[in-house]
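None of the figures in this text is laboratory data; all of them are computed from the coordinates on show. All values derive from a computational prediction rather than experimental measurement. FYI the Cβ positions are ideal-geometry reconstructions off the backbone, even for glycines, and counts take in every protein chain you see.
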Amino acid sequence: MLVDELDVPEEVREILRSEGIEELYPPQAEAVEAISSGRNVVVSIPTASGKSLVGYFGVLRAFSRGMRSIYIVPLRALAMEKYEELSRFGCIGMKVALAIGDYDVPPDHLRGADVIVATCEKVDAITRVDPGFISGIGVVVADEIHLITSPDRGPTLEMVLSKIRWLNPEAQIIGLSATIGNPEEVAEWLNASLVVSDFRPIPLHLGVYDGITLQLDDGRAMRVPRDRTVVGNLVRTTVEEGGQVLIFVSQRRHAESLSLTIGRVLERIIPEEEREALREFAAELERMGGLGKDLAKRAERGACFHHAGLTNEMRKTVENAFRRGLLKVIVATPTLAAGINLPARVVILKSFRRFDGWSNQPIPAWEVKQMLGRAGRPGYDPYGIGVIVAENGHWAEFAWENYIFSDVEPIESHLSSPHALRVHALSLIASRLAWDMKTLLRIFSGTFFAHTVGVDAMRDVLEEVLNFLADNGFVSERGGKYHPTPLGERTSHLYLDPLTVMYFRRAYESDHYSDFAVLHLVSLTPDMLPFRAGRREIETLYTYIAAERLYYSTYEVEEDAYFNAVKTAAVLSAWMDERSQDEIKDMFSVYPGDLHGRVQTAEWLIYGMESIAGLFGWRHAGRLRDLRLRVRHGVREDLLPLIAIPGVGRVRARVLHNHGYTDAARVAEATPEEIARLPGMGPKVAKSIVEGARKLVGRRG
DNA sequence: TGTCATCCGTTATAGACAGCATGTC
DNA sequence: CTATAACGGATGACA
């Protein structure tokens, strides 16, 4: 099918042609045809074979027929990517909105949008507050629908789709998936046409490297001597031929050390004219400080590491340099596997076993396919090569058998877990979509779980969960009918796990207050992933326990969890004590990216705690606001009056404070020239800060 | 007695969604 | 195929 035949506005066809797309790939064409029938569609095709375009077609077709659509993705970074790509079609008058935790567009903005790109949790949150929202939606694209199989987040995706079908059976569902073992089951569940294909626009060769021979699945074999890093020569050959390499490892430390050693391999083969650009790029990273320096050291030689400990800025910088072809190698942890689109000619899976808390387990085949599937850069590479590194003959055989010559696992639902049912049963009752066992089961019977396992299998857990919710005041029960209590309603709207609220209650029932105790409490809840306290660290953490009166004692909680929460609270305290990211890394071995993530979670939970405290008439509720702002901005108490000024964060606020500008009013009285004389403030910044302060003070009256 | 090499036991291990109201250095 | 690499303390050789 040619782009010219595509049933979309001519402007859209022009945009596609301008990107070099003249003709659809066969599976794309098949999917487009299926979507045009108006039926639900499940598309299961390999990574990097143009799935997004299929989703975009669904969205565009909806728009041209006057319907609104939702594009559901699993990651915020993906949401931004899709948002940007869809925004290109703005010329046809289609309004695109982005709805994710951080960048929430106000609901009335969402109402005016034709397409909403959102994470599945966000869609869930919207339907909780306003179930009627769904009725105006014509098309729902569920990208990466295989994520249903994820134990922690899969149930949400499954419930979101089930709720949409329940509330709006007319909505067309388009499920996009990488290759999975049981696409038929998914299609059956959604009553959808199925498009399955293993077509790849750029041929992909898979192989296994044992340190001696690179054996490919088409029979070719090459002798590649191993170097100290095992894969050094593989990398060198590829880069010499003008390709780029993506290496996946299972530990951050490995990513950092391997990228350093690989750099020595590259050093000799990168031409002089590229080195200058690399030095510039390294200087850019260097300026970011901390980890940026580690990156810079490697960047000069054309290799970098990539993991979730990096700040978003560093991640994006590294990704862009790779995309521009400047960076030759990225050594990454699985962050990059499921994330944004970043192909390379050669993808090497350096270690396919990952520690799961018990032992080093082989990772599932679908993850391996997702990583290796990134091999082959459209427009640059004639082919892609995906290499699995095996330490010995045994593991080589394992790789061939389980990863190359075998099908990927079927996806399965984990909706019947107590955690998932607790959260989703409450949300259904809170949004008044269900009010008794019968109505709950009716909605749950539309889920993938019910389709594959049967709804009866969740009955017992559901009953337990309902008792839990009733016993603890989240719902009230009379004659088998459940009503949400104000507590249940707040819990659901705040998107909190009821168990988290059970932890909050310990504080509400206490007359005691301390910032540290609240941080510890928040870190104990199931909604926070705490930092891990090392064996050695625990000793030092006793200092905090001795100095602070916490809401829980060591005897009430599992020991590890207890100390992890103490460490998390200690890190957040250090952040609020205006320690720099470098200091925090030295003190606690916590990376900036991780810190930022926990800060955000803590802020959300403190907000939740603050907003529920009223229901319990907690005397100390008011103190949570200051704590939340301090966590958010990473400042001591005395800076709170300053960080309200636009353009002022923890650093500038401290500078202002040190020079006698202790609140917004004093800043407002200053002249921009005075402020500009302070260290680190340019005339431009000074002007905007003073203006911001004046506006702020003026608004207060 | 001080320094360095080696051995051996110990230790740590990937990722990332959500509320609300607006903007870091 | 039951991890494993890096780290840190202890020990011992040697000057």
Is the C-alpha gyration tensor of the range A:216-329 telling us rounded, prolate or oblate? Criteria: a/c under 1.5 is rounded; beyond that, a/b larger than b/c is prolate, otherwise oblate. prolate
Towards the positive end of the charge dipole of chain A, with charges on Cβ (+1 Lys, Arg; -1 Asp, Glu), say which of A:VAL590, A:TRP366, A:TYR83 has the farthest Cα. A:VAL590
Give me the net charge of A:ARG490's neighbourhood, meaning all other residues with Cβ under 12 Å from the Cβ of A:ARG490; Lys, Arg count +1, Asp, Glu -1. -1
Two-decimal Rg to Rh for the range A:46-195 - Kirkwood Rh, Cα set: 0.93
Got the relative contact order for the range A:274-315 handy, in percent, Cα pairs under 8 Å and 6 or more residues apart? 36 percent
Shape call for the range A:128-193, from the Cα gyration tensor axes a ≥ b ≥ c (a/c under 1.5 means rounded, otherwise prolate when a/b beats b/c, else oblate), comes out oblate
Diffing the range A:539-554: the Karplus 3J(HN,Hα) column from phi (6.51, -1.76, 1.60, θ = phi - 60°), in whole Hz with x for Gly and Pro, holds 4, 5, 6, 4, 3, 5, 4, 5, 7, 10, 8, 8, 7, 10, 9, 4
Once the in-chain neighbours fewer than 8 apart are removed, the lysines whose Cα is under 21 Å from A:LYS95 read A:LYS82, A:LYS122
Based only on other Cβ atoms within 10 Å, what is the fewest-to-most ordering of A:ILE538, A:ILE116, A:ILE247? A:ILE538, A:ILE116, A:ILE247
Straight-line reach only, C-alpha to C-alpha below 17 angstrom: list the lysines that A:LYS481 could link to, leaving out same-chain residues fewer than 8 apart. A:LYS438
For the range A:244-252, Karplus-derived ³J(HN,Hα) couplings (6.51, -1.76, 1.60; θ = phi - 60°; whole Hz; x for glycine and proline) come out as 10, 10, 10, 10, 9, 10, 9, 9, 4
Would you mind checking A:LYS297/A:LYS328; A:LYS328/A:LYS350; A:LYS316/A:LYS687 for any pair whose Cα atoms are more than 22 angstrom apart? A:LYS316/A:LYS687
Take A:ALA283 and A:ASP460, extend 7 Å from each Cα along the Cα→Cβ direction, and tell me the distance between the two endpoints in nm. 6.8 nm
Can you list residues from other chains, or at least 5 along the same chain, whose modelled amide H is less than 5 Å from the amide H of A:ILE388? A:GLY207, A:VAL208, A:TYR209, A:LEU349
Positive-pole candidate from A:VAL230, A:ALA282, A:LEU246, dipole of the range A:190-307, charges at beta carbon: A:VAL230
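Okay, helix-only estimate at 222 nm for chain A: each DSSP H run of n ≥ 4 adds -39500 (n - 2.57), divide by all residues, round to 500 deg cm²/dmol; what do you get? Walk me through the intermediate numbers first.
Values: 33 runs with 346 residues, N = 701.
Taken over chain A, the calculation gives -14500 deg cm²/dmol.
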Dipole size in debye (nearest 20) for the range A:578-619 around its Cα centre, Lys and Arg Cβ +1, Asp and Glu Cβ -1? 220 debye
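For chain A, the longest stretch holding no chymotrypsin sites (Phe, Trp or Tyr not before Pro) located in a DSSP loop with at most 10 other Cβ atoms within 10 Å is which? Don't jump to the answer; show the numbers that get you there.
Numbers: sites that count: A:TRP358, A:PHE405, A:TYR555.
The longest such stretch corresponds to A:1-357.
Equivalent-ellipsoid semi-axes (√(5λ), Cα gyration tensor) for the range A:450-502, whole Å, largest first? Walk me through the intermediate numbers first.
Details: eigenvalues 98, 42, 19 Å².
Over the Cα atoms of the range A:450-502, the semi-axes work out to 22, 14, 10 Å.
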Chain A: Rg to Rh, with Rh as the Kirkwood radius over Cα pairs: 0.97
For the range A:455-468, in order, what is each residue's ³J(HN,Hα) by Karplus, 6.51 cos²θ - 1.76 cosθ + 1.60 with θ = phi - 60°, in whole Hz (x at glycine and Pro)? 5, 5, 5, 9, 4, 4, 4, 4, 4, 4, 4, 5, 4, 4
Over 10 Å intervals from 0, what percent of Cα-Cα pairs in the range A:245-398 sits in each interval? 11, 41, 35, 12, 1
So if we plug the beta-carbon distance of A:ASP407 and A:GLU691 into 1/(1 + (r/R0)^6) with R0 = 56 Å, what FRET efficiency do we get, rounded to 0.05? 0.35
Extension gain from A:THR662 to A:SER135, taking 0.36 nm per residue of separation minus the Cα-Cα distance: 184.6 nm
Give the lysines whose C-alpha is closer than 23 Å to that of A:LYS684, dropping any in the same chain fewer than 8 places away, or say none. A:LYS695
Surrounding charge for A:TYR380, neighbours by C-beta under 11 angstrom, Lys/Arg +1, Asp/Glu -1, total +2
Of the beta bridges DSSP finds with both residues in chain A, what % are antiparallel, to the nearest 5? 20 percent
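Based on the Kirkwood radius over alpha-carbon pairs, what is the Stokes-Einstein translational diffusion coefficient of the range A:368-508 at 20 °C with 1.002 mPa s viscosity, in µm²/s?
116 µm²/s
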List every residue whose amide H lies under 5 Å from the amide H of A:ILE70, counting only residues 5 or more places away in sequence or on a different chain, with H placed 1.01 Å from N in the peptide plane. A:ILE116, A:VAL139, A:VAL140, A:VAL141
Positive dipole terminus of chain A, leading residue within A:THR543, A:SER413, A:LEU440 (C-beta point charges): A:THR543
How high is the relative contact order of the range A:18-163, in percent, counting Cα pairs under 8 Å that sit 6 or more residues apart? 24 percent
Given Cβ point charges of +1 (Lys, Arg) and -1 (Asp, Glu) and nothing else, what value in debye, to the nearest 20, does the dipole of the range A:628-692 about its Cα centre take? 380 debye
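From the alpha carbon gyration tensor of the range A:1-135, can you work out the equivalent ellipsoid semi-axes (sqrt of 5 times each eigenvalue) and give them in Å, largest to smallest?
So the three semi-axes of the range A:1-135 are 26, 16, 15 Å.
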Using the Cα centre of chain A as the reference point, and only Cβ charges (+1 on K/R, -1 on D/E), how large is the resulting charge dipole? Debye, rounded to the nearest 20. 1780 debye
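Take every Cα pair under 8 Å in chain A that's 6+ residues apart, average their separations, divide by the length, and report that relative contact order as a whole percent. Don't skip to the end; give the middle numbers.
On the way: 1181 pairs, mean separation 70.8, N = 701.
It rounds to 10 percent for chain A.
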Looking at the range A:508-597 from every direction and averaging, what is the projected area of its Cα convex hull in nm²? 5.9 nm²
Under 5 Å, built H, 5+ apart or other chain: amide partners of A:VAL195: A:VAL42, A:VAL43, A:SER44
